[in-house]
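Undergrad: I'd like to ask you about the structure that follows.
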Amino acid sequence: MSLFLGLDSSTQSLSACVIDAEGGEFVAEEHVHFGSDLPHYGLESGFAAGTEDGEIFSNPLMWLEAVDLLFARLVTKNVPLEKVVAVSGCGQQHGSVFLNSQFESSLDQLSAGSSLVAQLGGVFSRPVSPIWMDSSTSSQCEEITQSLGGAEEVCRRSGSVAIERFTGPQIRKFAQQDPTAYRETTTIHLVSSFLASVLSGRSVAIDTGDGAGMNLMNLTNGSWDGELLTATAPDLGAKLPPVSPSATITGKVAPYFAEKYGLNTNCQVVLWSGDNPGSLVGMGAAQPGKVVISLGTSDTLFAAMPQPVTDPRGFGHVFGNPMGGFMSLICFRNGSLAREAVKEQFELSWQDFELTGLARTEPANGQRVMLPFVADEITPRVSSSAMIPCGWEGQPSAAECVRGVLEGQFLNMKYHADWLGVETEEILLTGGASENDGIAQTAADIFGKKVRRLEISGSAALGAALRAAVAVGDSDLARLEEVFSAPTPGRDLLPRPEYTSRYQDLEKVFAEALRKHFAVQ
Ligand code: XUL
């Protein structure tokens, strides 16, 4: 039996997925929830606000403690870790870890007799890690954009315009605010490459999937871009690890993990990637044609793309696809935030969303739309605090609001995904709200494509396990996808042809409403 281990260090938890690639079976799944399992860090949802507006930090020591706890739990569950041939992982994107000159030697000397926290407590030049929810770097984005001669140039090079949560602007802010601590920083890792380094027992590369989320990597050659580095912070090139393709094998797992938890001493570590690139693989969407829509706190839409095409409006991003080529990603901040606001306003259950909301209204709400932003949105970039109903004479009813928020969200996604340049064959819908058939049918009708849902929930950790299996050369991705990423039988929803033209017209109404209320083109 050859097992493969995938890890996912997300905002709120660390998860593990163990698969038997040959046997086609899930062997184990395990989680550590930062809030409930490690309450002494005081980070109930894995992060805390900083002192300045928009600052959001996490604690890298908490991530280390979670690694020890997760492996201990796998051992308690008798997962045969000695049979794990390779391990890979993924992390929440954009978050950064600032390390001092003791990092490399401390990793090299890790002893199984003590914990990761006890041995690595002294390696940080900054005790906190800013994460993807941080939006405090607008002035740094502006400065980087100016240096490069405009947003289009930053986008052409790095795949995204300068964005607050991306790592480059975050590094610039740290270098400006605390130049001494920045000077003492010898290495800057992403969450993914930091944890891959810990598993490897040495500082390893950043992969092209997650590296593209930094505003520092040149998409065309997959290396750091000299001009972006210079525009970001002094001496940055010397502080960044190299970038390497996601399939790179870093070597054998650190003896710490073999001695302490019984991992095979020959177990290989494959570079980690970002959680969205990881999900692309886990969802079975690494080949172009499938678009993944993930309905979560924020909603995301992502898809494989063979050639890097950038978003002319500047909202979407291009990352490396861990299986080769590229992927697009668009993030919508008002995801469950807006759906839950409607649910709470009218005191509805999720079931009511279908029974009260969708069943009692006509698709397209009589050609009226809602601009579904209950808080500031990033796609498009608009400032908002409540949904805007467009076309109603009086107040829309609860049922019309339910339909309005859902249709508004999917119309907004479709409108802002028109640049991807790949024909969509089907949509893979995932995340909490995707379970609801009414919501899934609305997506099918608006996009005019078949919507499928998968049995698995942790697609990022699964993606890491699949990547590990393919990278060491034993397995074919297409065969693994058929087994592990199969859509749930009987749950596909087809677009209803009678509503096609109605929704095509509604998209124009939506675009016009965006122009009218927010001057969005
Ligand atoms: C993507 C992004 C988020 C995080 C969440 O750009 O910021 O999806 O990766 O973990």
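Undergrad: In nm, to one decimal, how far is the modelled label at Ser114 from the one at Arg313, with both set 7 Å along Cα→Cβ?
TA: With each label point 7 Å from Cα toward Cβ, the separation is 5.3 nm.
Undergrad: Another question, if that's okay. Pairing the Cα long axis of helix 167-177 with the longest principal axis of the chain, what angle in degrees results, from 0 to 90 and rounded to the nearest 10?
TA: 70 degrees
Undergrad: Compute the separation of the alpha-carbon centres of region 216-258 and region 1-58 and state it in Å as a whole number.
TA: 23 Å
Undergrad: Sorted by mean Cβ packing within 10 Å, highest first, what order do the peptides 271-280, 504-513, 216-225 take?
TA: Final packing ranking: 271-280, 216-225, 504-513.
Undergrad: Can you run phi through the Karplus equation (6.51, -1.76, 1.60; θ = phi - 60°) for region 272-281 and list ³J(HN,Hα) in whole Hz, with x for Gly and Pro?
TA: After applying 6.51 cos²θ - 1.76 cosθ + 1.60, I find 7, 9, x, 5, 6, x, x, 5, 3, 6 Hz.
Undergrad: Taking the alpha-carbon distance from Lys343 and a cut-off under 24 Å, which lysines remain once sequence neighbours fewer than 8 residues away in the same chain are dropped?
TA: Lys343 reaches Lys414.
Undergrad: Suppose the chain between Glu512 and Ser457 were pulled fully straight at 0.36 nm per residue; how much longer would it get relative to their current alpha carbon spacing?
TA: 16.1 nm
Undergrad: Then there is this: Please give the length that would be gained between Ala48 and Ser385 if that part of the chain were fully extended, namely 0.36 nm times their separation in residues minus their C-alpha to C-alpha distance (nm, one decimal).
TA: Length gained, Ala48 through Ser385: 119.1 nm.
Undergrad: Per 0.36 nm of contour for each residue apart, how much would the distance between Ser2 and Ala359 grow if the chain were fully extended, relative to their Cα-Cα spacing?
TA: Here the segment from Ser2 to Ala359 would lengthen by 123.6 nm.
Undergrad: Quickly work out the Ser147-to-Glu482 label distance, labels modelled 7 Å from Cα along the C-beta direction, and quote it in nm with one decimal.
TA: Going by the 7 Å Cα→Cβ label model, 5.1 nm.
Undergrad: Something else: Please give the per residue accessible area of region 3-277, computed with a probe of 1.4 Å over protein heavy atoms only, in Å².
TA: 35 Å²
Undergrad: Also, quick follow-up: May I ask you to order 295-307, 421-433 by the average number of other C-beta atoms within 10 Å around their residues, highest value first?
TA: 295-307, 421-433
Undergrad: Continuing with the same structure: Out of all DSSP beta bridges with both ends in region 3-277, state the antiparallel percent to the nearest 5.
TA: In region 3-277, approximately 70 percent of DSSP beta bridges are antiparallel ones.
Undergrad: Quick one: work out the % antiparallel among DSSP beta bridges in the chain, nearest 5.
TA: 70 percent
Undergrad: Give me the count of lysine pairs in region 3-277 whose alpha carbons sit under 19 angstrom apart, restricted to pairs 8 or more positions apart or on different chains.
TA: Qualifying lysine pairs in region 3-277: 5.
Undergrad: If you don't mind, another one. Under a Cβ-Cβ cut-off of 14 Å, what is the net charge of the residues other than Cys90 that fall near it, where Lys and Arg count +1 and Asp and Glu count -1?
TA: -3
Undergrad: For the pair Asp37/Gln176, report the inter-label distance in nm, with labels modelled 7 Å from Cα in the Cβ direction.
TA: 3.8 nm
Undergrad: So which trypsin sites (Lys or Arg not before Pro) in region 358-417 pass both tests, a DSSP loop state and at most 16 other Cβ atoms within 10 Å of the Cβ?
TA: Here the sparse-neighbourhood loop sites are Arg360.
Undergrad: Can I ask one more? Packing-wise, with mean Cβ within 10 Å as the measure, how do 77-85, 456-464, 471-479, 206-214 rank, highest first?
TA: Ranked from most to least packed, the peptides come out as 206-214, 456-464, 77-85, 471-479.
Undergrad: Can you compute the helix-only [θ] at 222 nm over the chain? Use -39500 (n - 2.57) per DSSP H run of at least 4 residues, normalise by all residues, nearest 500 deg cm²/dmol.
TA: So the helix-based figure for the chain works out to -10500 deg cm²/dmol.
Undergrad: For the chain, what does the relative contact order come out to in percent, with C-alpha contacts under 8 Å and a separation of six or more?
TA: 15 percent
Undergrad: Accessible area of the chain with a 1.4 Å probe: how many percent of it is carbon plus sulfur?
TA: 48 percent
Undergrad: OK, next. Taking θ = phi - 60°, what integer Hz values does the Karplus form 6.51 cos²θ - 1.76 cosθ + 1.60 yield along region 452-466, in sequence order, with x for Gly and Pro?
TA: Couplings: 10, 10, 9, 5, 6, 9, x, 5, 6, 5, 4, x, 5, 5, 5 Hz.
Undergrad: For Glu347 and Arg502, what does the FRET efficiency come to when R0 = 35 Å and r is the distance between their Cβ atoms, rounded to the nearest 0.05?
TA: Step by step, r from the Cβ atoms, then E = 0.70.
The values are calculated or read from the model by the stated rules, or taken from the named source; none is laboratory data. Computed from a predicted structure; not experimentally measured. Every residue, glycine as well, gets a Cβ built from its backbone with ideal geometry; the counts of neighbours run over all protein chains shown. We work out accessible area using only protein heavy atoms, side chains counted, and drop any ligands, DNA or RNA first. Shrake-Rupley method; radii C 1.70, N 1.55, O 1.52, S 1.80 Å.
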